[in-house]
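Q: Before anything else, here's the structure in question.
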Amino acid sequence: MNVITQTTVASFVVMVLLCAAGYFLGRNLKKRPGRMQVITEKGVSMLYNLVEETMGKHNAYWTPYIGALFLSSIGGSLIGMTGILRSATSDVSTTLTWALMTSFLVWGCTIKNSGFKNFLKGYINPLNIVSDIAQPVSMAFRHFGNIMGGGVLMSILYTGLAGLSSLVVGAVRSNGWAVTGVTAAVGAVLLLTGFKKGKLALKIFGAVFAGIAVAAALELSGVFGEVPILEVGIPAVLSLYFDIFSGGIQALVFSLLTMVYVGMACPPRR
Amino acid sequence: MLILTEVTQFESLVGVNPWTALFTFCNMIITFLLLKKFLFKPVKKMIDERQKEIDDMYREAQASKDEAARLQADYEEHLSSARAERDEILRDAVSRARKRETEILTEAKSDAAALLAKAESDIAQEKKKALNEVKNEISSISISIAAQVVGREISEADHARLVSDFIGKLGEGDD
């Protein structure tokens, strides 16, 4: 079992980045804020508002933890977009640790607010034990599964596109410079018409043809072995959903669930 | 390539690596503490301070506005009361002057009437006195004339009666 895994490195990088960003955003605060400070304050007060709305005003002091959790989750998901590191959140070790931290916070708050006896009394119904186990597991696997699934889908897409690319470019290349030139000409014509008439579809097809021709030319002249040219474009669009949207949603869901569970364990004092 | 490695690592992906979990836990705590110290606390403090300052400024502005309104109301009240006082004084003065005027007039009228009455009574008295004097004069003259004419004394009573008859006729003729 490795001591240092990719996830460890990724979460360490996320931690360093977040702390550095926090340090630089949080220093030199002025009464008359600059542009960055306005954005920072907006973000911080949005987090405070979210926590106050979900957990109640008396629980506003939980915001730093929720914020750290939320930012770590988003950062852990987005770090996968670098292509160097895998998303920290697509490792169940990460999400399970966070979910267990939430559970321990809930138990701690319950004991603190209603006493150890009442905490134990809650388990007279043994189903509560099941739910207390199911809660962190479901949280962990929901987050992990979404990010991991997105990553796997993106990998499959990249592999598939690489295969398609080598197939198409190979077909053009094997027919020599003439077909390459024709493809390039078709691409250029399509691109030009597309720009003249302002049609997006023509532009895209033109770019595809031109790209294939360029890739084939590069391979023919022996500059590169294989150019997976079709990997350009489509993954960018899907990445918007699988990496950014999904990462944001899962971070929000995870921190919202944490807020709800901890908030229920910390009712307002009478 | 990537997909293959991921598939071969799938077993280890779903499993939990306790070292990773430990490091994640530590990283989370460190992130939490550092963000709290460097980002959340100072930013929240700054927001609250600014909010407080703005609230104070608004409160002060409201207070001075209230004060100004109070002062203005004060002044207006003073002004209107001064106006009312002035009107009061004027009205008082006018009415006093009217009263005095009528007083003076009535006084003058009564004075004039008194003077007139006195003058009339004086005149009447003077007239009576003059008449009496004339009467006496005439009677004495007539007595002396009569004495001389008649040469004898007539009784005093006859004499007086004669004279008064004469005077009466005289007065009638005079008026």
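Derivation of every value follows stated rules applied to the coordinates shown; laboratory data play no part. Predicted model, so just to flag it, every value in this text is computed and none were measured. Positions of Cβ are generated from backbone atoms using ideal geometry, with glycine treated the same way; all protein chains shown enter the neighbour counts.
Q: Just rank A:K196, B:K44, B:K37, fewest to most, by other beta-carbon atoms within 10 angstrom. Walk me through the intermediate numbers first.
A: On the way: A:K196 9, B:K44 20, B:K37 15.
Final ranking by Cβ density, sparse to dense: A:K196, B:K37, B:K44.
Q: Something else: Quick one: grab Rg to one decimal and Dmax as a whole number for the protein assembly as shown, Cα atoms only, in Å.
A: Every Cα atom of the protein assembly as shown included, Rg and Dmax give 61.0, 206 Å.
Q: Determine the gain in length on full extension of the stretch A:F116-A:F141; use 0.36 nm per residue of separation and subtract their C-alpha separation, reporting nm with one decimal. Mind showing how you got there, number by number?
A: Numbers: separation 25, 0.36 × 25 = 9.00 nm, distance 2.95 nm.
Contour length minus the Cα-Cα distance gives 6.0 nm.
Q: Can you classify segment A:1-157 as rounded, prolate or oblate using the Cα gyration tensor, where a ≥ b ≥ c are the square roots of its eigenvalues, rounded means a/c under 1.5, and otherwise it's prolate if a/b beats b/c and oblate if not?
A: Values: a/c = 2.34, a/b = 1.14, b/c = 2.05.
Here segment A:1-157 falls in the oblate category.
Q: A further question on this structure: Between 0 and 90 degrees, rounded to the nearest ten: what's the tilt of helix B:156-174 against the longest Cα principal axis of chain B?
A: 50
Q: Still on this structure, please answer the following. Pairing the Cα long axis of helix A:63-78 with the longest principal axis of chain A, what angle in degrees results, from 0 to 90 and rounded to the nearest 10?
A: The helix A:63-78 is inclined about 20 degrees to chain A.
Q: Would you mind ranking A:Y61, A:Y158 by Cβ crowding within 10 Å, fewest neighbours first?
A: Working: A:Y61 13, A:Y158 19.
Placing the least packed residue first, the sequence is A:Y61, A:Y158.
Q: Hey, what D do you get for segment A:82-239 in µm²/s if you plug the Kirkwood alpha-carbon radius into Stokes-Einstein at 25 °C and 0.890 mPa s? Could the numbers behind the result be given before it?
A: On the way: Rh = 20.2 Å.
Stokes-Einstein gives a translational diffusion coefficient of 122 µm²/s.
Q: Return the ratio Rg/(2.2 N^0.38 Å) for segment B:18-174, where Rg is computed over Cα atoms only. Intermediate values should be presented prior to the final figure.
A: Working: Rg = 59.0 Å, N = 157, 2.2 N^0.38 = 15.0 Å.
My calculation over the Cα atoms of segment B:18-174 gives 3.93.
Q: To the nearest 20 Debye, how big is the dipole of the protein assembly as shown about its Cα centre, given +1 on the beta carbon of each Lys and Arg and -1 on that of each Asp and Glu?
A: Values: 45 positive and 42 negative charges, 688 e Å.
It works out to roughly 3300 debye.
Q: OK, next. Given the pairs A:K57/B:K44; A:K31/B:K65; B:K135/B:K169; A:K31/A:K57; A:K30/A:K57, which are separated by over 20 angstrom at their Cα positions? Please report the intermediate quantities before stating the final value.
A: Details: A:K57/B:K44 14 Å; A:K31/B:K65 26 Å; B:K135/B:K169 12 Å; A:K31/A:K57 25 Å; A:K30/A:K57 26 Å.
Long pairs (Cα-Cα over 20 Å): A:K31/B:K65; A:K31/A:K57; A:K30/A:K57.
Q: Using θ = phi - 60° and the Karplus relation 6.51 cos²θ - 1.76 cosθ + 1.60, list the HN-Hα couplings for segment B:17-28 in order, rounded to whole Hz, with x at every Gly or Pro.
A: For segment B:17-28, the Karplus curve yields 8, x, 5, 4, 4, 4, 5, 4, 4, 4, 4, 4 Hz.
Q: At q = 0.14, 0.24, 0.29 Å⁻¹, work out log10 I(q)/I(0) for segment A:147-196 with the Debye formula, treating every Cα as an identical point scatterer and leaving solvent out; two decimals please.
A: -0.57, -0.84, -0.96
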